[in-house]
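Readers should treat all values here as calculations from the given coordinates under stated rules, not as data from a laboratory. Just so we're clear, the structure is a prediction, and the values are computed from it rather than from any experiment. Neighbour counts are summed over all protein chains in view; Cβ atoms, including those assigned to glycine, are modelled from backbone coordinates with ideal geometry.
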Amino acid sequence: MKETTSRTRRTAFGLALALALAGQSHGIQGQASEGVVDIPYTKYVLDNGLRLIVHEDRKAPIVAVNVWYHVGGGNERPGRKQFAHLFEHLMFQGSEHFDDEYFKPFDRVGATGMNGTTSGDRTNYFQVVPTTALDMALWMESDRMGHMKAAVTQAKLDEQRGVVQNEIRQYLNQPYGKAELAILENTYPDGHPYSYPGAGMLADLNAASLEDVHEWFDAWYGAANAVVVVAGDVEAEDVKARVEKYFAHIPSGPPLVRPAVTIARRAEPTRIVLQDRVPQGRVYKVWNVATVEDESVDYLSLASDVLSVGKSSRFYRRLVYDDQIATDVSASVRAGQLGSEFVVSVTAQPGQALDQVEAVLAEELQAFLDSGPTEVELARAQASRRANFIRGVERIGGFGGKSDVLAASEVYRDSPDGHRRQQENLRTATVADVHGAAVEWLGEGVLTVEVRPYDTYTTTASTSDRSSGPPEVTEFPQAAFPARETMELDNGLRIILARRDHVPVVDLTLLLDAGYASDQFALPGTARMAMGMLDEGTTSRSAIEISEALESLGATLGAGSDLDMSSVSMSALVENLDASLDLFADVILNPSFPEAEFDRQKQQQLAGIAREKVEPVPMAQRVLPRILYGEGHAYSNPLTGSGTEQSMSELSLGSLRDFHDTWFKPNNATLIVVGDITMDDLAPAIDARFSAWQAGELPAKNLTEVEPQPETVVYLIDRPDSEQSIIFAGHVVPPKGDPENLRIEALNDIFGGFHLNTRLNLNLREDKHWSYGAWAVLPDAAGQRPYYAVAPVQTDRTAESMAEIDKELRGIRTGGDRPPTEEEMARVRDQMTLTLPGRWETNGAVMSSIVEMTRFNLPDNYWDTYADEIRAIDVADVSTQATRVLRPDNLVWIVVGDRVRIEHEVRALGLGDMRFLDADGNAVEGQSVAGNPGAL
């Protein structure tokens, strides 16, 4: 059934619903609406009430499958909070006809972006697969929708209960986690669907039973309460037939009683003051506002942008730039169907009194309530919102991708094109609209949280034979890496272009061989500070003018560093490319490093270092490099790149200018461009702006190979009252350019890479339930790389977790009790190759792969031959690398946790000599610190 106008669309939907009630399926064809970004779709309603939305996108041989159930935390009963979240986890633990880990068939076909999430209103499950795997994905989703209950056992419930509880602990263990908990407890009154018991969530999870699981499934996971979105390289009628095959037999579910919409407007202000182990004070302001469907929420979103997004925003400019009493500020709308929250957060400068921060914040808010935004401010916010939406819907999957937008529109706004109404609200909003919404909602009843540093459906017979399991996927689309063109300016600036014309956007990255490693020739933290200062002003533009220009152009600009490289990146709309390139070149060639901005940024970086020294993972990342590499090595500084408090105190403007003069040379740079432009148009545009850039000599970084640690040492950093211990276990491994690198990566993907089914994660999360997740980090680097396992674990299992990590390291080596298996190797081959067809869906993904080739001088055909190289790796290859690179007898262990509770058990393991460090890596209690020559 085709729709042509908005009026017809509403009538057609009513007629379609009547047809569904009469036992017929139907289709609705989405149409464009002038002035907004369109996502064409076809909608069907099956006889059992299941809603199917199909979007055709032919740019890559992949398809996104996104399933939304209209149930979330707002549907939980008292005493069972976090149950929707727990049930989401259980949905990945097997179904009646596939009683195994849900991700396994998807790993075999190279699925990407696979996850599930829960909010107050919905639970969703999503993945992107090759088009040839669509039947498998639909079979799997339908089997857990229609046949999941019988597969849930008490053991599975207990396992996932532990995983979710550790996820909550991990969240609360972060700085300011207590503040978010306080907001959760106090935003809504008792009895409201969104009210939460705070820390009582853990007790609620303990009370959850198998009977609760069955009741939840029967009540909320029926077909009539679900939306299935299929987006990608498909044809709508074909998808409809497939979905009917797999889903039509599933019961619709019972009639549902939903909570009434109750916007809990607060009449009186409430203040909560709490202490936390954080280096900076922070204040939150929360107002309860209208529901997601109310246009005032869209207007409030624009207000939040005017107030806090970009350096020219009201709050940011006043608090961070002018008065310099805060290091960051944010404002946003957390939208929900039963009410939303407008949340402002300001982090004070270290030592800054929060009452002064609050006073300035109140002054700026009152000025906004008095007069609203200016026309220019509103236009900038609207341009940024539109540009961000366009960039999001370049993808078919993921948050903000087209399948996500269509599903959200259907669930929240009762139509797949509901996003167009939201876009129209944002596009046509006036100053009066935004001002009026702010006056209406941002007045009385604010919640303030201060964080102070602590010193009738039918079913049809099933036509799917489920006895043999999900459909086998035997064919896979071939990956094709985009063609590139190259040229070089007379001054040595190399240009690489990958033309892609599916969206009117051009992305640029100027890549420089510098990075944190260049701090070898300067004070630690110089590279990070210098790159962070690039957009703080040029010889002709101030930081505010740069920010305003970017917003007006709908462009984004970023600069930063990693271990080996520094980069400046821009994303520009084609229609504004010339002006955007002018700005890009100005920032690269003419930074002014203004003193006022330098002082502000310096304080921010110092504040960042203070935060790193209380956050568990950064605490270890700051200490590890000097132990591994020793003094004088280019990689010996903190992995965060922030430097030290001493180096930042000594840093001067001259240090930044020296960095720019030393490393910003065309013969040290490559400009990579991906997007809707030809080389004929690009080359003269770049030449006009960069041909006068002068080449020059460059220093050579010290990447000398270091010897392994002579023996294993355990370093303990005390973090009193820590809810978890963070365990690092590491050593150096060969560089990215090593001839055996792909085999080393395959080994890591078996042992501890960022996958759910690695040995490390299966052990500590799935088997023991001691951690929300454990992994091993294998960063790319030009020199020897730091390789380290990371495991956040509950405090009372610290020593036992270390023993398990040691066991896994020894077991996978030649002669160990668990050498790599062919099953594991087959999984890794699939993970590394079958994801390729959808890997380069976006400009950003193509950019990342070209950057990787450029950084490590990989051959031009690297990605063309990548799959064949991976398929040639066998178990013997991986076993050889396990014995070559894994050194369990030469490990550096770093444990960040409560010394009083863990020291005795860790020492009793006998893994190695135990040393004690402070957050700067200095020995305490007279302990010396072993490591490479010149180490801490």
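Could you tell me how far the Cα centroid of the range 104-118 sits from the Cα centroid of the range 424-441, in Å? A separation of 40 Å, based on Cα centres. Listed by chain and number, the lysines placed with their C-alpha closer than 19 angstrom to that of residue 701 are 665, 736; residues fewer than eight positions away on the same chain are left out.
Just need the Rg to Rh number for the range 374-518, please, alpha carbons only, Kirkwood Rh.
1.12
Pairs of alpha carbons in the range 34-247 separated by more than 31 Å make up 26% of all such pairs. Counting only residues at least eight positions apart within a chain, or on another chain, the lysines with an alpha carbon under 28 Å from that of residue 768 are 81, 104, 149, 156, 178, 807. Looking at the chain, what % of its DSSP beta bridges pair antiparallel, to the nearest 5? Around 75 percent of the beta bridges assigned by DSSP in the chain are antiparallel ones. Counting charges near residue 694 (Lys, Arg +1; Asp, Glu -1) among other residues having Cβ under 13 Å from its Cβ returns a value of -2. The C-alpha radius of gyration of the range 713-917, expressed as a fraction of 2.2 N^0.38 Å, stands at 1.09.
What do you get for Rg/Rh of the range 712-782 when both radii come from the Cα atoms and Rh is the Kirkwood radius? Could the numbers behind the result be given before it?
Numbers: Rg = 14.5 Å, Rh = 14.0 Å.
For the range 712-782, the value is 1.04.
For the range 485-690, what log10 I(q)/I(0) values come out of the Debye formula at q = 0.09, 0.10, 0.13 1/Å, with one point per alpha carbon and no solvent? Cα-only, vacuum Debye calculation for the range 485-690: -0.37, -0.46, -0.75.
Can you pull a Stokes-Einstein diffusion coefficient for the range 514-582 at 37 °C (0.692 mPa s), Rh from Kirkwood over Cα pairs, as a whole number of µm²/s? List each step's numbers first, then the result.
Values: Rh = 13.1 Å.
For the chosen part, D equals 251 µm²/s.
Taking the Cα atoms of the range 320-399, the ratio Rg/Rh between the radius of gyration and the Kirkwood radius comes to 1.05.
What percent antiparallel are the DSSP beta bridges of the range 713-917, to the nearest 5? Don't jump to the answer; show the numbers that get you there.
Working: 18 of 29 bridges.
If we restrict to bridges inside the range 713-917, about 60 percent are antiparallel.
Computed over the chain, the range of Cα coordinates on each principal axis works out to 79, 69, 61 Å, biggest value leading. Restricting the calculation to Cα atoms, the range 654-738 yields a radius of gyration followed by a Dmax of 22.8, 62 Å. Highest mean first, the peptides 548-559, 909-920 sorted by other C-beta atoms within 10 Å per residue fall in the order 548-559, 909-920.
Given charges of +1 on the Cβ of Lys and Arg and -1 on the Cβ of Asp and Glu, with all other atoms neutral, how large is the dipole of the chain about its Cα centre, in debye to the nearest 20?
Values: 86 positive and 137 negative charges, 234 e Å.
Charge dipole, the chain, about its Cα centre: 1120 debye, nearest 20.
Using the average count of surrounding beta-carbon atoms within 10 Å as a protection proxy, the listed peptides 748-754, 217-223, 272-278, 497-503 rank, highest first, as 748-754, 217-223, 497-503, 272-278.
What translational diffusion coefficient, in µm²/s and rounded to a whole number, does the Stokes-Einstein relation yield for the range 193-253 at 25 °C and a viscosity of 0.890 mPa s, taking the hydrodynamic radius as the Kirkwood radius over Cα pairs?
Working: Rh = 14.9 Å.
Value of D from the Cα-based Kirkwood radius: 165 µm²/s.
Compute the distance from the alpha-carbon center of the range 61-103 to that of the range 198-275, in whole Å. Here the answer is 8 Å between Cα centres.
Rank these for me by crowding, 808, 235, going from fewest to most other beta carbons within 10 Å. The partial results should precede the final answer.
On the way: 808 25, 235 12.
So the ranking, lowest neighbour count to highest, is 235, 808.
Ranked by how many other Cβ atoms sit within 10 Å of their own Cβ, fewest first, the residues 771, 95, 649 fall in the order 649, 95, 771.
Just want the ordering: 665, 81, from fewest to most Cβ atoms lying within 10 Å of their own Cβ. Provide the component values of the computation, followed by the final result.
Details: 665 20, 81 24.
Listed from fewest to most nearby Cβ atoms, that is 665, 81.
Where Rh is the Kirkwood radius over the Cα pairs of the range 794-845, the temperature 37 °C and the viscosity 0.692 mPa s, what D in µm²/s does Stokes-Einstein return? Could you put the intermediate results ahead of the total?
Numbers: Rh = 14.1 Å.
Calculated translational D: 233 µm²/s.
Using only the Cα atoms of the range 781-872, what semi-axes does the equivalent ellipsoid have when each is the square root of 5 times a gyration tensor eigenvalue? Give whole Å, largest first.
Values: eigenvalues 212, 69, 43 Å².
Each semi-axis is √(5λ); the values are 33, 19, 15 Å.
If you add up the charges near residue 470, with Lys and Arg at +1 and Asp and Glu at -1, over every other residue whose beta carbon is less than 9 angstrom from its beta carbon, what do you get? With Lys, Arg at +1 and Asp, Glu at -1, the net is -2.
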